[in-house]
Amino acid sequence: MANISVVTKKRILDTNDQEAAKTREAFKEAGLFAVNLISSPGSGKTTLLEKTIEKLNPEQNSAVIVGDLETSRDAERVAPFAKEVVQINTGLSCHLYANQIQESLKGLNLSEIDFCFIENVGNMVCPGEFDLGENAKIILLSTPEGDDKVAKYPTIFRAADLVLLTKCDLLKVLDFNMDRVKEDIYKLNSNVKIIELSSLSGQGMEEWLSWLKDNRTSFIGAKAKFVTE
Amino acid sequence: MHEMSIAAEILDQVIEQAKVNNLVRVSEVTLEVGFLKQVVPELMIIAFESITTDTIVERARLKIVEVPSIAKCNECSYSFEPKINNFLCPKCERADVNVISGNDIILKAIFGEVKE
């Protein structure tokens with residue numbers, strides 16, 4: 001037997017990226033705006049979704065795709081508000097894959113949806129590496145987690161299109177240095193928008209809803225332009 | 001532990017490349033890993049070893065070549081090597097950059113026995 005060396009240039013994660021590109025195309029076709037919500041467990045993703053979708057109703061319809069290792073509790077929580085809900089149980093996987101989103105789209109009537117919220121598995125590391133076909137990555141950091149988390153988990157913040165600092169109603173009882181957090185984010189991603197928010201008190205909710213609506217409009221505007229050309 | 005997901009995809013690609021090139025056994029795999037990919041080489045090797053059991057890649061050596069990151073400032077076009085938690089351009093002091101290197105994982109080469 002002879003030994004040979006084979007030189008390749010294969011990009012790993014290409015398969016995931018190709019699936020994500022298909023999803024992005026499907027979203028674009030349907031004229032909906034999709035966001036990938038990433039944070040550690042317990043940062044308030046589901047509560048934020050409950051409040052957000054309630055406020056977007058009835059003018060705008062939302063679909064939610066929720067990833068968790070186990071249970072359908074999050075899906076049950078958002079179900080009263082969302083037009084469509086899909087729960088993905090990832091078992092031992094610490095993040096969602098693009099093909100899981102592709103699969104979940106099969107059961108959805110995308111043409112009736114304006115916003116698709118993908119709630120990723122609670123994890124500050126791995127979800128950042130896997131494109132799901134979303135239009136924007138939104139990173140949530142809740143104030144009780146501490147003001148050192150941007151410096152500790154920098155990669156996910158560098159990938160962010162929007163940072164939501166949640167549970168800001170608790171700032172008065174926490175030793176949380178907001179300037180430090182913003183400075184750490186600036187060092188990674190100087191252009192990213194940061195919203196201080198509380199789902200409980202409603203602080204920042206209007207700004208967040210405007211961000212969603214404005215970004216959807218610019219996305220759909222781009223699509224309209226594309227069609228004319 | 002996204003090393004396991006990555007290892008699974010490396011294995012798929014290695015087996016595909018082995019088939020195309022008539023390799024019956026793979027003894028070495030060279031992987032280029034970008035600095036920004038947050039891959040821990042030791043964990044990557046453990047994940048790779050466990051996932052390749054009972055395949056033609058079993059007991060292959062995984063060689064990991066780390067690729068440094070290069071960022072190019074979108075404002076002044078200056079290129080520099082960022083730190084994992086600091087992407088500020090040394091000239092503009094803003095982190096508005098295009099990463100031109102260090103953000104990929106590439107299967108570079110495989111080495112093994114060919115069918116005669």
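Values in this text are rule-based calculations from the coordinates and carry no lab data. Computed from a prediction, not measured in an experiment: that's the story for all the values here. Glycine also receives a Cβ, built like all others from the backbone with ideal geometry; neighbour counts cover every protein chain displayed.
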task = Over the protein assembly as shown, consider all pairs of different Cα atoms and compute the Kirkwood hydrodynamic radius from their mean reciprocal separation; express it in Å, one decimal.
result = 21.8 Å
message = How many angstrom lie between the Cα centre of segment A:21-43 and the Cα centre of segment A:125-170?
response = 15 Å
ask   = What is the Cα coordinate range of segment A:14-218 on the first, second and third principal axes, sorted by size from largest, in whole angstrom?
value = 46, 38, 35
query = Where nothing but the Cβ of Lys and Arg (+1) and of Asp and Glu (-1) is charged, how large is the charge dipole of segment A:137-179 around its Cα centre, in debye to the nearest 20?
reply = 180 debye
request  = Just add up the charged neighbours of B:Glu58: K/R +1, D/E -1, any other residue whose Cβ is under 11 Å from the Cβ of B:Glu58.
outcome  = 0
Trypsin sites (Lys or Arg not before Pro) restricted to segment A:88-164 and DSSP loop, no more than 14 other C-beta within 10 Å = A:Lys106
query = In segment B:1-107, what GluC sites (Glu not before Pro) fall in a loop by DSSP, with at most 15 other Cβ atoms inside 10 Å?
reply = B:Glu58, B:Glu75, B:Glu93
inquiry  = Only sites in a loop by DSSP and with at most 15 other Cβ atoms within 10 Å count here; which GluC sites (Glu not before Pro) in segment A:17-61 make the cut?
reply    = A:Glu59
query = For chain A, what does -39500 (n - 2.57) per DSSP helix run (n ≥ 4), summed and divided by total residues, give at 222 nm, in deg cm²/dmol to the nearest 500?
reply = -11500 deg cm²/dmol
ask   = Average partner chain C-beta neighbours within 10 Å, per residue of A:9-18?
value = 6
query = Which of B:Ile56, B:Ile70, B:Ile100 moves the most in a Gaussian network model of chain B with Cα springs under 10 Å?
reply = B:Ile100
remark   = Taking every residue of A:184-190, the Cβ atoms of other protein chains inside 10 Å of its Cβ average out to 6
